[in-house]
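These notes concern the structure reproduced below.
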Amino acid sequence: YDESHDALSDVNMVIEAGEVVGFIGPSGSGKSTLVEMLLGLRFPTAGTISVNGIDIREVLPSDLHRLTGLVSQEPQLIEGDLTENIRFFRGSITDDDIAMAVEASGLGRDLSSLPEGLHTMIGPRSSGLSGGQRQRLAIARVLAGRPEFLVLDEPTSSLDVHSEEVITETLERLKGSVTIVVVAHRLSTLRVCDKVLVLRNGTAEAFASRADLERDNDYYNSAIQLAALS
Ligand code: ADP
């Protein structure tokens with residue numbers, strides 16, 4: 001970001017298709033910066049990021065956009081019903097895509113408690129949805145685009161008692177079919193990860209399986225202890 005120091009350096013990793021990879025590290029360690037680069041929203045000043053062997057700079061932004069999805073911590077709701085909030089201005093999203101996304105996100109279970117199901121109106125300041133429902137809606141919105149690479153930015157604090165399960169259930173359901181990076185804060189989320197990247201001060205301290213990290217990474221072990229208590 002500025003010339004005096006690099007936000008990231010010495011980060012070498014290969015994410016295999018279908019893997020679930022967790023990113024952990026203290027605040028400011030570079031997790032968001034790396035996520036933005038994996039999504040092609042920001043480019044490294046040195047080094048390369050490649051997708052199936054192709055430099056990410058050579059991939060058309062429209063293709064990257066179509067193939068990737070980001071579930072952010074706080075979804076932007078729009079004035080409209082749930083289907084419009086899932087479609088989110090993308091004319092290419094079909095009713096079938098929406099039906100699939102509603103199921104895969106777990107939002108389907110909420111519909112019976114909403115006055116008009118998928119046609120319930122919500123808005124930017126909507127108080128009609130619980131924290132967990134908002135999170136499921138955010139996931140449904142992204143899944144409707146049928147991404148092949150998905151990034152989930154897990155909330156640091158629980159919005160309601162159900163939100164913990166939302167991420168875990170989604171990860172378990174998608175595991176193997178979608179490649180996923182999750183900025184993980186909870187033990188239950190880390191448990192679904194095939195591999196975990198430990199970022200410290202912009203450097204990859206470790207990128208390994210949970211079993212390997214449990215054996216020899218102090219930061220990972222303190223993080224899982226803290227997560228277990230919260
Ligand atoms: P994390 O997501 O792990 O909290 P970030 O990727 O947000 O870490 O930040 C990594 C480093 O880059 C930090 O030193 C942060 O201050 C710096 N940084 C992040 N975003 C910006 C920005 N937009 N402009 C300048 N520096 C930034």
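Residues in the range 91-102 that are of a type outside the set (G, A, S) and surrounded by 14 or more Cβ atoms within 10 Å (Cβ to Cβ): I93, D97, I98, M100, V102. Only one entry in T94, T68 is out of contact with any helix residue (DSSP H, G or I) (no Cβ under 7 Å at 6 or more places or on another chain), β-branched (V, I, T) and touching a residue at least 40 places away in the same chain (Cβ under 8 Å), namely T68.
Taking the options R66, R109, name whichever one is within 16 Å of the chain's Cα centre (by Cα) and either in a helix (DSSP H, G or I) or buried (at least 20 other Cβ atoms within 10 Å of the Cβ) (or both). Steps first, please.
Working: R109 fails: within 16 Å of the chain's Cα centre (by Cα).
Every option except R66 fails the conditions.
Residues of the range 14-36 that are near the ligand (Cβ under 8 Å from one of its atoms) and among the aliphatic types (A, V, I, L, M): L34, V35. The conditions of being more than 22 Å from S32 (Cβ to Cβ) and crowded, with 21+ Cβ neighbours inside 10 Å are met by A144. For F43, the conditions (1) within 15 Å of the ligand (Cβ to nearest atom); (2) within 18 Å of the chain's Cα centre (by Cα); (3) not in a strand (DSSP E or B) all hold with the exception of (2). Cβ-Cβ distances below 7 Å connect the following pairs, each with a first residue in the range 16-36 that is within 15 Å of L150 (Cβ to Cβ), a second residue that is of a type in the set (S, T, N, Q) and more than 7 Å from the ligand (Cβ to nearest atom), and a separation of six or more residues or different chains: A17/T179; G18/S177; G18/T179; E19/T179; G22/T189. Kindly provide the set of residues from the range 19-34 that are part of a loop (DSSP other than H, G, I, E, B) and among the charged types (D, E, K, R), ordered by number. Within the range 19-34, just E19 meets the criteria.
Beta carbons closer than 9 Å, at least 6 apart along the sequence or on distinct chains, pair a first residue in the range 1-13 that is within 8 Å of the ligand (Cβ to nearest atom) with a second that is in a loop (DSSP other than H, G, I, E, B) and not small (G, A, S) for A7/Y1; L8/P44.
None of R191, R186 is out of contact with any Gly (no Cβ under 7 Å at 6 or more places or on another chain) and touching a residue at least 40 places away in the same chain (Cβ under 8 Å) except R186.
None of the figures in this text is laboratory data; all of them are computed from the coordinates on show. Only a predicted model underlies this, so the values are computations on that prediction, with no experimental measurement involved. Don't worry about glycine lacking a Cβ; one is built from the backbone with ideal geometry, like all the others, and counts go over all protein chains shown.
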